[in-house]
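The structure appears below as C-alpha cells.
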Amino acid sequence: MAKKLAILVLAAGKGVRMKSDLPKVMHNACGKPLLGWVLDTAEALEPSRTIVVVGHDKKMVMSAFEQSRVTWVTQEEQLGTAHAVMSIAPEMKDITGDVMVLFGDVPLVREQTLRDLLKAHRAQRAACTILSAEVADPDGYGRIVRNKDGKVRAIVEHRDAKPKQRDIREINSGIMVFQARSLFETIWKIKSHNEQGEFYLTDIVALLIKKRRKVAAIVVGDEREIVGVNSRVQLAEVNKALRMRILERLMLSGVTIVDPENTYIEAAVEIGRDTTIWPYTVIESGAVVGKDCEVGPFAHLRVGAVMEDGAEVGNFTEMKKARLGRESKAKHLSYLGDVNIGAGVNIGAGTIVANYDGKNKFVTEIEDGAFVGSGSVLVAPVRIGKGATTGAGAVVTRDHDVPDGGVVVGIPAKPLKKKATARKQKSKKKKNKR
Ligand code: UD1
Ligand code: CA
C-alpha cells in the first residue's frame, strides 16, 4: 500500500503586515482567497486528509470554505508556526506516514513541485525535507544553514540571523515534509527563545539533526513559486503571477488574448476557442464565454455573465447575471444586468438595463432578433418581444412589454403608430411645397 500523506495548512495568523481587518489568508487573488489556492493545490495531491489550522477570524475563514472536506483545528493564540503544529495534538494519533506542511500565505506553489518534494523525501528516507529556494533578495525569510559538506544544519530566522548568515541566499519556503513520527515526537521540544518569543517550526531542523535524523532540502526550480504574502506589495505580485497562469492556460486552449499584460481574467472563467479578448477587459470568476466571441476592449464581465457562441461585447459594456445569446451584440457603452438576451439581438450604443429600483432587482427579457435603439433604457421587469424595436432614446417603463415585432419610441416609450406617422409626413410635404 502506498504510504499515507496528511497535509497540514497553517492559516491562523492575522497577518499584521497586511494592515487589514481581513485575515491574511482571506485576501483575494484572481477571484479566490489566498487560502483557496493553497487548498486546491493540496487537494490535487489526493492526501488521505487535510487539516487546516485557523485562529484569527476563524469563523469567517471556515465559512468561506464550508464546502471543502478539510478538518479544522483551532489555534487559540498564535504563538508561532511550531505552536500551530502543536495545536493539532488531538489529531496526531490518527496520522501515520508523512505530513506535508503548507502555509496559507504561500499560494503559488505548484502541484508538481510538491509531488517532486514528496518523492525526494521518500527516496532519501529523510525525517524532514525542506523546499528551499535560491533568491536574490532573502530579506525576511528563514535562511538554510548548511555545513561544509553541504548538509543542512539548521534554519535561522531572519530576525535571529547573524550578519554572516544574512548573506545566505538559500531560504526556507516554509513548505516541509516530515515523517509523521519524527514530527510529532520532536515538536514538543521546541522552545521560544528567540527575538519574537515564538515557537518556530524551523527550529525542528536543528533538533532532528541533534537526534541524528536525516534532514534534506531540495531547491525549487522556479523561486517565484514560493513567494509568501506578508504585505500588499507581495499580494499584488502573487495576483499578477496567478493572472499570467490563467491567461497562459486560456491561450494554450485556443483563446486569443491580444495583450496579456492588460487583461484581467480571474480563476474559474470558461472561454471557448477562437474567441478574442481585447485589452483592458476584466472577466470575473464564474463568467462563461463561448466560441468565436469578441470581448472588449474595456469590457467588464461579472458573475453570471454568459456570452453564447459568436456574441460580441465591446467598449465599456458591463454584464452581470446576463446572458447574451448567439451572435448578439452589445458593442458600446451598455449596462446589462439581470437580463436574458436571445440570439441575433442588437443592443444599441448606450443601452441601460435598469434592473434595480432601489430595493429589489428584476429580470428583463429581450427575445431573439430584437433591435434595441441607441440610448434605450429598459426598466425591469420588462420584456422586449421577438424582432421588436425600441427607438433611440426610448425609455421602456416597467411591465410595459413590447410585443413580438412591435416598435416603441419616446419617453415613456409608446407604440409607434404607423398612420400617425404617415399623416405627419404628408403635412410635412405640404409645408415644404409652400
Ligand atoms: C515563515 C518561516 C520562514 C520562512 C517563511 C516563508 C517560521 C518560524 N518561519 O516565516 O522560515 O522563510 O515563512 O514564507 O516558520 N501561522 C499560524 N500560527 C501561528 C503563526 C503563523 O497558523 O502562530 C501561519 C500563518 O497564518 C502563515 C504561516 O503560518 O500562513 C506563516 O507564518 P508567518 O508569520 O507569515 O511566517 P514568516 O514570518 O513569513
Ligand atoms: Ca509569511
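Taking a sphere under 15 Å around the Cβ of Leu333 and counting the other residues whose Cβ falls inside, with K and R at +1 and D and E at -1, yields a net charge of 0. The trypsin sites (Lys or Arg not before Pro) found in region 331-368 that occupy coil by DSSP, while having at most 14 further C-beta atoms within 10 Å, are Lys359. Kirkwood analysis of the Cα pair distances in the chain returns a hydrodynamic radius of 25.2 Å.
With 26 Å as the limit, the listed pairs Lys321/Lys414; Lys359/Lys417; Lys93/Lys211; Lys24/Lys361 have Lys321/Lys414; Lys359/Lys417; Lys24/Lys361 beyond it between alpha carbons. For the chain, leaving out every one of the GluC sites (Glu not before Pro) that falls in a DSSP loop and has at most 12 other Cβ atoms within 10 Å, the longest unbroken run is 196-434.
Per-residue Cβ neighbour counts within 10 Å put Leu117, Leu102 in the sequence Leu117, Leu102, beginning with the fewest.
Prolate is the label for region 256-421. Its Cα gyration tensor axes, ordered a ≥ b ≥ c, give a/c of at least 1.5 and a/b above b/c.
Taking the number of Cβ atoms within 10 Å of each Cβ as an exposure proxy, the fewest-first ranking of His56, His121 is His56, His121. In terms of other Cβ atoms within 10 Å, Thr276, Thr317, Thr96, Thr263 run from fewest to most in the order Thr96, Thr276, Thr263, Thr317.
Read-outs throughout are calculated quantities, based only on the coordinates presented, and are distinct from any laboratory measurement. These figures come from a predicted structure and were not determined experimentally. Here Cβ is always computed from backbone atoms with ideal geometry, including for glycine, and neighbour counts include all displayed protein chains.
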